[in-house]
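Remarks on the structure that follows.
The values are calculated or read from the model by the stated rules, or taken from the named source; none is laboratory data. If you're wondering where the values come from, they're calculated on a predicted model, not measured in any experiment. Cβ coordinates were reconstructed from backbone atoms using ideal geometry, including for glycine residues, and neighbour counts include every protein chain displayed. Quick note on the areas: whole protein, heavy atoms, side chains included, nothing else; ligands and nucleic acids left out. Shrake-Rupley method; radii C 1.70, N 1.55, O 1.52, S 1.80 Å.
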Amino acid sequence: MYHWKIELILNSGEKLVGFTRMQEANSHEVATTLWDKKDDGDIIGFNNEDGTAAIYVRVREIASMSIYAI
C-alpha cells in the first residue's frame, strides 16, 4: 500500500491538500482510479494529513491537481 499526497487547485483558486492510501504504484494509476468515469457532479474524498478528518470536493470544482508519493 502506498501513501499519496494530492494537491488540488479549485476553480476559485483555493488550494486543498488531501492524503490517501492506495495500492496503485504510480501517480498515473492513482489519477485514473480517482477520476476515471467520474461525472462533474460526483464528490470525491480524501483524508487530512493526520487522518483525523475527511476532505470532500465536487469533481467540477477541480481546476488542476498534483499527485505525489510520500
When (1) β-branched (Val, Ile, Thr); (2) within 13 Å of the chain's Cα centre (by Cα); (3) at pLDDT below 95 are applied to Val17, the one that fails is (3)
Among Asn11, Asn48, which is open to solvent by less than 50 Å² (accessible area, probe 1.4 Å) and over 12 Å from Ile67 (Cα atoms)? Asn48
Residue pairs, Cβ under 7 Å, 6 or more apart or interchain, first in the stretch 17-39 and among the aliphatic types (A, V, I, L, M) and crowded, with 17+ Cβ neighbours inside 10 Å, second in a loop (DSSP other than H, G, I, E, B) and at pLDDT 90 or above. List them. Val30/Glu24
For the stretch 40-68, how many residues meet the condition of being within 13 Å of the chain's Cα centre (by Cα), hydrophobic (A, V, I, L, M, F, W, C) and within 12 Å of Gly18 (Cα to Cα)? 7
I'm told Glu61 meets every condition in (1) out of contact with any strand residue (DSSP E or B) (no Cβ under 9 Å at 6 or more places or on another chain); (2) acidic (Asp, Glu); (3) in contact (Cβ under 8 Å) with a residue 40 or more places away in the chain except one. Can you identify the failing condition by its number? (1)
